[in-house]
């Protein structure tokens, strides 16, 4: 059994189509919080379509086809988030507390540990 027997090539096809649809939706005034729902729904629909159009599709019933499509569609949002997080190191948007200067202070600047009194007072509050 080769990998082409699994019909696995259908998964990236659905992911790419859903990714392009998500990019088109982002160009509309629709709130981005709906993107995962849209990607999952479109992926589910494309999963059923793929079951009929691709003889090697990895699902032979509706529920499995919808599930494969939803996972493939949500993979489009995951792939975008991975790209976004990886590009954050090169001038992109950082999450709070994850800026490189917050994580790695200047090695030439001495760091004073807090005193016993400071620690005690912090726990009193």
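Any read-out appearing in this document is the output of simple, stated calculations on the displayed coordinates, not a laboratory observation. Since this is a predicted model, take the numbers as computed values, not measurements. No Cβ is skipped: glycine too gets one built from the backbone with ideal geometry, and neighbour counts run over all protein chains shown.
Potential lengthening of the chain between residue 116 and residue 64 amounts to 12.7 nm, from the contour at 0.36 nm per residue minus the alpha-carbon distance.
Annotation: peptides 24-37, 111-124, 42-55, ranked by per-residue average of other Cβ atoms within 10 Å with the highest first, follow the order 42-55, 24-37, 111-124. Take the Cα of residue 86, step 7 Å toward its Cβ, do the same at residue 54, and the gap between the two points is 2.2 nm.
In a fully extended conformation the segment linking residue 124 and residue 24 would gain 30.7 nm over its present Cα-Cα distance, using 0.36 nm per residue.
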